[in-house]
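Working notes, structure below.
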Amino acid sequence: MSAAVPVRRPRAEAEDDCVLPFAVEPLDVRGRVVRLGAALDELLANHGYPNAVARLVAEASALGMLLSSTLKFSGRFTLQTQTDGPVDMLVVDIAAPDRVRAYARFDEQRVAALPGAYDAGALTGSGHLAMTIERAEDPNRYQGIVALAGGSLEDAAHQYFARSEQIPTRVRLAVAEEIHPGRPSGWRAGGLLAQFLPREPKRARVADLDPGDAPEGAPRHEVAEDDAWLEAQALVETVEDHELVDPDLSSERLLYRLFNERGVKVFRSQPVVARCRCSRERIAQLLNTFDPAQRAGMIENGRVTVKCEFCGRSYDFDPKEIGIEQSS
């Protein structure tokens with residue numbers, strides 16, 4: 001006889017800055033819940049982002065942690081946008097499994113000119129979103145690219161999985177600003193990713209992508225979605241934004257609310273820490289990749305100063321440290 005599966009009530013204590021894997025076996029669903037609190041504030045510190053940009057960085061960080069947490073190996077996961085919007089570049093860089101840093105480049109005047117309501121699509125505009133995977137000790141890089149055309153990051157994630165992975169996937173993201181009387185406000189972000197992974201591959205079949213050049217009136221390829229996946233999607237869509245960011249609602253209780261009738265298993269959570277990978281040694285190595293003339297052109301007031309865009313830390317070098325001899 002097989003051992004009985006232990007059953008317990010969902011943990012009531014909320015846990016920030018972690019990713020919680022889960023499985024709903026009767027529906028052949030596996031997924032992740034991410035909650036970011038203090039780590040998110042650390043990511044946003046030292047940048048002075050306008051609220052709309054801070055919210056976008058928070059949302060992208062939650063998405064990046066959801067996606068990178070599915071990797072089964074050590075390495076690096078990068079989510080990066082290149083667009084024509086007020087935020088023309090956004091980078092979330094994750095050293096799997098737990099270290100994250102993020103940065104956004106934006107035009108302050110264009111951001112200020114946007115309407116008051118938060119709109120991720122208006123901030124990013126048109127361009128592309130690239131997701132890059134680098135395995136440790138593997139020289140090859142694996143990259144998936146999806147178009148951004150004024151939609152949300154959730155939309156981009158769904159498009160990525162439909163086109164690149166062809167895995168039925170639903171993603172929910174939410175961000176909120178916390179107001180603390182008497183001290184600076186903070187940020188919270190949360191997300192949920194659910195994927196349909198049945199043992200029988202044919203149950204996860206999806207319709208062929210529209211080729212874009214089919215004759216007018218040609219029948220579209222359609223595949224009926226599996227009933228289990230339809231049910232799972234319907235449950236995921238009931239998640240409210242406030243549930244994903246509620247500091248008093250644990251991830252386990254949230255999952256129990258959604259899937260208790262079917263039964264949900266949770267696994268060991270993975271902590272998340274905000275930590276930049278920059279160092280004096282790394283910056284010196286980077287400077288030495290430039291030719292001597294370029295390095296000489298970086299000298300100001302007899303020093304070379306480099307600021308890390310991710311964490312805001314500045315590194316100051318004597319030109320001799322990077323192989324530049326100044327004429328007297």
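Since every read-out is calculated from the coordinates, none of them should be taken as a lab result. Keep in mind that what you see is a predicted model, and the values were worked out from it rather than measured. So basically every Cβ, Gly included, is an ideal-geometry build from the backbone, and we count neighbours across all protein chains shown.
Counting only other residues whose beta carbon sits under 12 Å from that of ASP41, what net charge do I get with K and R as +1, D and E as -1?
-3
Please report the net charge: other residues with Cβ closer than 9 Å to the Cβ of ALA274, K and R +1, D and E -1.
With Lys, Arg at +1 and Asp, Glu at -1, the neighbours total 0.
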Worksheet item: How would you order 186-196, 230-240 from highest to lowest mean count of nearby Cβ atoms within 10 Å?
Response: 186-196, 230-240
Worksheet entry | Cα extents of the stretch 70-174 along the three principal axes, largest first (Å) | 45, 28, 23
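Do any chymotrypsin sites (Phe, Trp or Tyr not before Pro) in the stretch 97-185 lie in a DSSP loop with no more than 16 other beta carbon atoms within 10 Å, and if so, which?
Within the stretch 97-185, the qualifying chymotrypsin sites (Phe, Trp or Tyr not before Pro) (loop, at most 16 other Cβ atoms within 10 Å) are TYR118.
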Discussion item. Could you work out how much longer the chain between ILE299 and HIS242 gets when fully extended? Use 0.36 nm per residue separation minus the Cα distance between them, nm to one decimal.
Written reply: 15.6 nm
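If you keep only loop residues by DSSP, which GluC sites (Glu not before Pro) in the stretch 133-166 have at most 16 other Cβ atoms within 10 Å of their Cβ?
Counting only loop positions with at most 16 other Cβ atoms within 10 Å, the GluC sites (Glu not before Pro) in the stretch 133-166 are GLU137.
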Worksheet item: For the chain, what is the relative contact order in percent, using Cα pairs closer than 8 Å and at least 6 residues apart in sequence?
Response: 23 percent
Practice prompt. Give me the net charge of LEU287's neighbourhood, meaning all other residues with Cβ under 9 Å from the Cβ of LEU287; Lys, Arg count +1, Asp, Glu -1.
Written response: 0
Worksheet item: Among LYS307, LYS320, which comes first, second and so on when ranked by fewest other beta-carbon atoms within 10 Å?
Response: LYS320, LYS307
Discussion item. Can you give me the angle between helix 227-236 and the longest principal axis of the chain, using Cα atoms only, in degrees from 0 to 90, rounded to the nearest 10?
Written reply: 50 degrees
Worksheet item: Under 27 Å from the Cα of LYS202, which lysines turn up, not counting those fewer than eight places away in the same chain?
Response: LYS72, LYS265
Worksheet item: When we measure straight from the Cα of LYS307, which lysines land under 23 angstrom away, once same-chain ones fewer than 8 places off are left out?
Response: LYS320
Worksheet item: When the helix-only estimate is applied to the chain (DSSP H runs of n ≥ 4, each -39,500 (n - 2.57), divided by the residue count), what is the mean residue ellipticity at 222 nm, nearest 500 deg cm²/dmol?
Response: -6500 deg cm²/dmol
Worksheet item: Taking the DSSP beta bridges in the chain as the whole, what percent of them are antiparallel, to the nearest 5?
Response: 95 percent
